[in-house]
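Note sheet for the following structure.
Each reported figure results from applying straightforward, stated rules to the coordinates on display, with no laboratory input. Please read all numbers here as calculations on a predicted model, not as lab measurements. Cβ atoms come from the backbone with ideal geometry, glycine included; neighbour counts cover every protein chain shown.
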């Protein structure tokens, strides 16, 4: 399918993520081996630590390493591994390139992981796109309904505040994907603009095939679901901003 969202000349994507979660207890050695294999492509490394507060005769903090974040020289491509969540995420920050770039990166990162631990069952397959939509607005005055088909409507007798945020959990009818949709105002970096975040997370959390080639096919279904949700959330006036 043609990806209308990602092929806009000025796509509003500020972060795109492909995440896989596994039914596997990763050891510290697994984590270190994966880090060693990926660090050549992602040379800037940062530990992910978990801090546990221990209450006894004296309060204390216990810190343990649960994962890492690696960043490419470009600073826009990242990989995040969290052993506690049993998750591997491939991230593309702005400027967003194209789906094929993100997909191939995710595929390569997962193949490195699976070459270390074998073929554990994937328990969650997710795609998340965070969009920042900047709309020309003198004095931050505009009618959101001209641009969005999602939002919070104040009941009669209440005046909406200019800042708001809300979320919806739903199921995508056509694919059965789980959808978490967050929408709200954002701090704008632009003068005479109003900015909004449209955060779309779609996932499969059951009936995930074991073969990786079948899993990648399911990933393309999630891509379609994500695009459907995006298009259903905006109006033609918003689409015109991306052309």
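In this label model, residue 235 and residue 146 are separated by 0.8 nm, measuring between points 7 Å along each Cα→Cβ vector. Note on residue 242 and residue 64: the extension gain reaches 59.7 nm, defined as 0.36 nm multiplied by sequence separation minus the Cα-Cα distance. With the simple spin-label model, which puts each label point 7 Å out from Cα in the Cβ direction, the residue 188 to residue 107 separation comes to 4.0 nm.
By the helix-only formula, in which each DSSP H run with n ≥ 4 contributes -39500 (n - 2.57) and the sum is divided by residues, the chain has a 222 nm mean residue ellipticity of -8000 deg cm²/dmol. From most to least packed by mean Cβ count within 10 Å, the peptides 164-175, 189-200 give 189-200, 164-175. Checking (i) 71, 50, 32; (ii) 56, 55, 36; (iii) 47, 41, 38 against Cα extents along the principal axes in Å calculated from these atoms, the matching label is (ii).
With both labels modelled 7 Å from their Cα along Cα-to-Cβ, the residue 213 to residue 171 distance reads 3.1 nm. Ordering of 213-223, 11-21 by packing is 11-21, 213-223, highest average first (other Cβ atoms within 10 Å, averaged per residue).
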